[in-house]
Amino acid sequence: MPAPPNDKEKTPNTQEPVTLAADKRFTETQTEPLIAFLHKVIHFAVRVLAVLMTAVILWGIGDVLWMLYNQLIAPPFMLLNINDILATFGAFMAVLIAIEIFINITLYLRDDFIHVRLVMATALMAIARKVIIFDFDKVEPNYVYATGVVILALSLGYWLITQKKPKDTEFPIDKE
């Protein structure tokens, strides 16, 4: 089986190669004009999403500040009850999750990064936010158990993908 062409090699038709850096599954050089154009469109869309996510993050920070201001000026002045604190934690976590999603979006532009670990970490953060804002008086026990199972599954998955592989199980593509 012939080796895949090097990303820096030119193809016989002398067109500049375009690699699909957004997805490791496309490691071969693509020189078809339609594929190259679509690849550029996808990269542009990812950049637009990054700009929009930045706006969402800034909006979320403004929301946290507004929420804190309103809760602190309401009677009793400068005191927060437990529901106010939990709502504030939820708003903080929402901003942190938005930041993680922004990082996910920008890392899709890179080809030297495996995205699964970051997506799993973002999912763990999102489910942690859900647990932090649980109102256990209103949540059914089965919902809590199911959330626990999701947390265990995500944690196990994250642990598995962060483990280093032994040297004898590396595949040739891993050594590049």
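State whether the residues of the range 59-71 include one that is polar (S, T, N, Q), in the same structural domain as Val41 (by TED's automatic domain parsing) and either more than 21 Å from Ile161 (Cβ to Cβ) or loosely packed, with under 14 Cβ neighbours inside 10 Å (or both). Checked against the condition, which is being polar (S, T, N, Q), in the same structural domain as Val41 (by TED's automatic domain parsing) and either more than 21 Å from Ile161 (Cβ to Cβ) or loosely packed, with under 14 Cβ neighbours inside 10 Å (or both), the range 59-71 yields at least one hit. Reported count of residues in the range 73-102, each being free of Cβ contacts under 8 Å to residues at least 24 places away in the same chain and surrounded by 14 or more Cβ atoms within 10 Å (Cβ to Cβ), is 2. The listed residues are Phe77, Phe113, and the only one of them that is modelled with pLDDT under 85 and either closer than 30 Å to Ile42 by Cβ or out of contact with any Gly (no Cβ under 6 Å at 6 or more places or on another chain) (or both) turns out to be Phe113. Evaluated against (1) under 30 Å from Asp137 (Cβ atoms); (2) without any contact (Cβ under 8 Å) to a residue 40 or more places away in the chain; (3) surrounded by 15 or more Cβ atoms within 10 Å (Cβ to Cβ); (4) not assigned by TED's automatic domain parsing to the domain that holds Tyr158, Thr122 falls short on exactly one condition, (4). Does the range 93-109 contain at least one residue that is acidic (Asp, Glu) and not assigned by TED's automatic domain parsing to the domain that holds Ile57? No: zero hits.
The values are calculated or read from the model by the stated rules, or taken from the named source; none is laboratory data. In this text, all values refer to a predicted model and were calculated from it rather than measured experimentally. For neighbour counting, all protein chains shown are included, and Cβ atoms are generated from backbone atoms with ideal geometry for every residue, glycine included.
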